[in-house]
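Worksheet: one structure, shown below.
The values are calculated or read from the model by the stated rules, or taken from the named source; none is laboratory data. A quick note: this is a predicted structure, and the numbers were derived from the prediction, not measured. Cβ coordinates were reconstructed from backbone atoms using ideal geometry, including for glycine residues, and neighbour counts include every protein chain displayed. Ligands, DNA and RNA are excluded from the accessible area calculation, which covers all protein heavy atoms including side chains. Shrake-Rupley method; radii C 1.70, N 1.55, O 1.52, S 1.80 Å.
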There are 2 protein chains.
Amino acid sequence: MSENTPIDEVARPDAPPPEGDGQFAEDQTLTPEFVRSVSDAIEAEDADAFEGLTNELHPADVADLIGLLHEEDREALIALLGGALPAEVLAELDEDLLEHIIEVMGPAKVAEAVAELDTDDAAFVLEDLDEEKQAEILSYAPIEDRLALRAALDFEEESAGRLMQREFFASPAFWTVGQIIDRMRGTEELPDTFYEVFVVDPAFKPVGSVPLSTLLKSPRETVIETIMISRNMRTVPVTMDQEEVAYLFEQYNLISVPVVDDAERLIGMITVDDVVEMVREETHEDMLALGGVEADTGLNDTVFETVRSRFSWLAVNLVTAILASLVIALFDGAIGQIVALAVLMPIVASMGGNAGTQTLTVVVRSLATKDLTASNATRIVLREALVGLLNGVLFAIIMGALAGVWYFASGWGGQDDAMRLGLVVGVAMVVNLLCAGLAGILVPISLQRAGADPAVSSAVFVTTVTDVVGFFVFLGLAAAVLLPAAS
Amino acid sequence: MSENTPIDEVARPDAPPPEGDGQFAEDQTLTPEFVRSVSDAIEAEDADAFEGLTNELHPADVADLIGLLHEEDREALIALLGGALPAEVLAELDEDLLEHIIEVMGPAKVAEAVAELDTDDAAFVLEDLDEEKQAEILSYAPIEDRLALRAALDFEEESAGRLMQREFFASPAFWTVGQIIDRMRGTEELPDTFYEVFVVDPAFKPVGSVPLSTLLKSPRETVIETIMISRNMRTVPVTMDQEEVAYLFEQYNLISVPVVDDAERLIGMITVDDVVEMVREETHEDMLALGGVEADTGLNDTVFETVRSRFSWLAVNLVTAILASLVIALFDGAIGQIVALAVLMPIVASMGGNAGTQTLTVVVRSLATKDLTASNATRIVLREALVGLLNGVLFAIIMGALAGVWYFASGWGGQDDAMRLGLVVGVAMVVNLLCAGLAGILVPISLQRAGADPAVSSAVFVTTVTDVVGFFVFLGLAAAVLLPAAS
């Protein structure tokens, strides 16, 4: 706390309040003015000023601050801090920043920082590096840290094994509340914070749990077995995917969960504070996938990385767009004779695309929350088909009428032709919105059954269906119905 | 527990294990077979069989089960259970089911069930009803419940006041660990579960917190002030939006947070288990909004409700599609002379739409996680423009070459015309992908600055831009460059 450091840019009250004093805007983000004064301090190589500005910040806010700095300022900051960021800040950095920061810090400093962290946080810092880099950093770590970290990193990414911490408090069922409290007061190796005592049988299999609040409310002589919750005891196998772990926490309002090995023995614990962020991440992954963006991209990737990761998805889209335009090319003769078809065809395709995206979004979400299951799939498919059909009919009437009137008013054809064109638009609309509803639900369900992620690549299949069907039905019908009449 | 009830459909072991026995599929959802045997029990009006099948289920699973039943079975089940669902099941139902269930149960039974719940859960059950219905139900509730519930419902929906529970444990800073534990053992009105003791000053303002695990680890004579965490103490004003509350929990890994009134006095507590589901909900709202679906829709809405809620968004899309087709109509003369333009124009528009959606998705996500703030907005806008430009150049080369070759090979024109067409496609692609990148970030940022939700309605603006720009630049250039040459 360098209270006597003169800082010109920012007015600081004598006793800074725990939050605020101009660092945070109303929406809880750091203000541009504050970020600028931090940049200035870094560029002036004034470590005391930096410390004075940031010593009241939570490590998570410092991590955000570093994300908001320019790249050269980030590097200058690390140099200013003696070549390393604090370990707890490292654990809060976004993945897209971490790699670069680790590069700048160098293996020895990273190893030093990582040794200060819990295994789950340390594994988070290292997991995105390639194996060579990981090995290099671990070679600088003390032997016991190295072994624990290797064990954590050996579990698959996004598995319960990666998420869990190895520290927890377990008790046999016959202990009393008093015995447990005495034991807690005497033990050094307890986790920093925990919320439940796990009750285990002689084989170390979890059989129940006691929330700490229950423990505190109970008299010392109470036997654990009489107050433990054993009904619906949830345990998590070490290999479980983090998405499933998140689902358990959400479904059963869990606060912590015991992690077990193949023999169902308790080996670790996952706590809810690690799950909150994960729930957001998992849902964002679905959202990004639907938007055609790779999951592990962020605002701090380089322009080159971003171009590359977006390129691949756009290339897939190009292929499907060419497919759709080949359908159009089939009917170039009809378009040559009735240019109105070229004007109207994107409307039919666009409505189908939007209706398909609506259904797809609802379905991907319902699959993620497990509201859509094998038990109600058939019913929901029929429901979506019916919704597509009904909206198809409504928009067929609206757009059919509009198209007919517009065609007639433009003087492109007679009343008969106009009615026929309206009819063609209407039928194409009904067929395309029905197909959109069906594709919107059948594509993600099929992908899921095939073991794929329903969010990834569903969108491209669905819009391919709606484009191809939309153009084919509209132009095909138009060619069949209008051309003989027009000629 | 009706162990002696004969149940034909399901084989149940003598001592049912805590999880499984065929109720759950591998993906943790209820199996169709299990749902069917529950339906059968309900249709046979066999209350014992229903009880036997479901007594091991968590209330959250029972709520899911009810969602999976057909509507008539739901009503039959309520009748079978004496006209009411258990209160804890009611609290776990999806919003789209709740209204119907409450209708079937009737106000008296609902009031009875609601009285058993904590205020936050009770408010959840009642909040989506209209005021008249709420008043009717509350009139059946005992006076003290009625007052507490009215107070909870008076807070705005999705505010901290709605989320908080009024039960918490607070302590002055001068108490000892022993005093607190004795007090907890003697007090009846403690919350069911809690994770922290809030430390308050004489004005009942929160000044720190002590995790229960710290309390348990500390000797009885320890003074609270010496173990409390006061640095970066977070409190939540009762009016704070739940999205901001969720952000605080996620950013600072909170487990519970004190809620304060205007005078900064402690009046309630929000715990993390209520936040996990909310984080998913808030993110899903963004995802649904981007997909053009209203946030409060679910699989159990009626077909009519679904058609209506989807219709409005499709109607907006129809307007923008018509706008785009009016742009096409401007150039009908050019299309009539060169039909290839009609074939190629959707490709340019579609690539722009996809690139815009990519940027939009990343931006909406970054705004939600507060990674994109006033401090880095300019830099990220330039970055997205550059990404759009670079991908535009790449796809201009690819698609320009393809279009030229295809045009030449189709025999529609000579080598010169083919080169010009390729050039037109290329330039239109560059311009549209650049505009897509800019629209993808500027639209949601502007909406947010204007106080609107950037997820809602961004998509329609962005695709309007990419459609209009795509068609206009491509067809306009083609008309300017190709028509004189072709004539």
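Each helix, a run of at least 4 DSSP H residues, gives -39500 (n - 2.57); summed and divided by the residues of chain A, these come to -20500 deg cm²/dmol at 222 nm. Look at where the Cα atoms of segment A:450-467 and of segment B:398-438 average out, and the two centres are 28 Å apart. For segment A:57-112, the square roots a ≥ b ≥ c of the C-alpha gyration tensor eigenvalues yield an a/c under 1.5, which makes the shape rounded. Rounded to 0.05, the FRET efficiency of the residue B:480 and residue A:304 pair, given R0 = 41 Å and the Cβ-Cβ distance, is 0.75. With 32 Å as the limit, the listed pairs A:205/B:370; B:109/B:205; A:370/B:109 have A:205/B:370; B:109/B:205 beyond it between alpha carbons. Extension gain for residue A:108-residue A:326 works out to 72.7 nm (0.36 nm per residue, less the C-alpha to C-alpha distance). Exposure check, 1.4 Å probe, all protein chains in place: residue A:326 carries approximately 90 Å² of accessible surface.
Peptide B:250-258 shows a mean partner chain C-beta count of 5 within 10 Å per residue C-beta. For residue B:208, nonlocal amide neighbours, meaning residues 5 or more places apart or on other chains whose placed amide H falls under 5 Å from its own, are B:199. Model label sites at residue B:370 and residue A:449, defined 7 Å from Cα along the beta-carbon direction, differ in position by 4.4 nm. The C-alpha atoms of chain B define a longest principal axis, and helix B:71-80 lies at about 0 degrees to it. Ordered from highest to lowest accessible area with the whole protein assembly present and a 1.4 Å probe, A:71, A:92 read as A:71, A:92.
Of A:416, B:96, the order by accessible heavy-atom surface (1.4 Å probe, DNA, RNA and ligands excluded), from most exposed downward, is A:416, B:96.
Across A:394, A:483, B:423, the residue with the most accessible area heads the list, and the full order at a 1.4 Å probe is B:423, A:394, A:483. Residue A:193 exposes around 50 Å² of accessible area when a 1.4 Å probe is run over every protein chain in place. Taking 20 Å as the cut-off, the amide N atoms of segment B:59-93 that come nearer than this to a point 7 Å along the Cα-to-beta-carbon line of residue B:157 belong to B:90-93. Using the Cβ-Cβ distance between residue B:71 and residue B:166 with R0 set to 51 Å, the FRET efficiency works out to roughly 0.90.
A point 7 Å from Cα along Cα→Cβ stands in for residue B:55, and the other copies hold the same point at 6.3 nm, listed in rising order. Here segment B:187-212 is scanned for amide nitrogen atoms under 20 Å from the site 7 Å beyond the Cα of residue B:179 along Cα-to-Cβ, giving B:187-190, B:196-212.
Peptide A:377-384 has a mean of 2 when you count, residue by residue, the C-beta atoms of other protein chains within 10 Å of its C-beta.
Partner aspartates and glutamates whose Cα lies under 17 Å from the Cα of residue A:217, excluding those fewer than 8 positions away in the same chain, are identified as A:182, A:196, A:225, B:167, B:182, B:188, B:189, B:192, B:196. Mean separation of Cα pairs under 8 Å and 6 or more residues apart, divided by the residue count, gives segment B:78-213 a relative contact order of 17 percent. Take each residue in A:68-77, count the other chain C-beta atoms within 10 Å of its C-beta, and the mean is 1.
Reported to the nearest whole Å, the Cα centre-to-centre distance from segment B:56-125 to segment A:73-152 is 50.
Coupling constants for segment A:393-404 follow from the phi torsions by the Karplus curve (6.51 cos²θ - 1.76 cosθ + 1.60, θ = phi - 60°), and in residue order they are 5, 4, 6, 4, 5, 4, 6, x, 5, 4, 5, x Hz; glycine and proline get x. At the residue level, residue A:164 shows approximately 10 square angstrom of accessible surface with a 1.4 angstrom probe and all protein chains present.
Once the Cβ-Cβ distance of residue B:386 and residue A:95 is raised to the sixth power relative to R0 = 22 Å, the FRET efficiency obtained is 0.50. Please work out whether segment A:278-368 counts as rounded, prolate or oblate from its C-alpha gyration tensor, where a ≥ b ≥ c are the square roots of the eigenvalues and a/c under 1.5 means rounded, while otherwise a/b larger than b/c means prolate and anything else oblate? Note, shape of segment A:278-368 comes out oblate. Ordering A:288, A:304, A:321 by the projection of their Cα atoms onto the charge dipole of segment A:274-349, which places +1 on the Cβ of Lys and Arg and -1 on the Cβ of Asp and Glu, puts A:321 at the extreme positive end.
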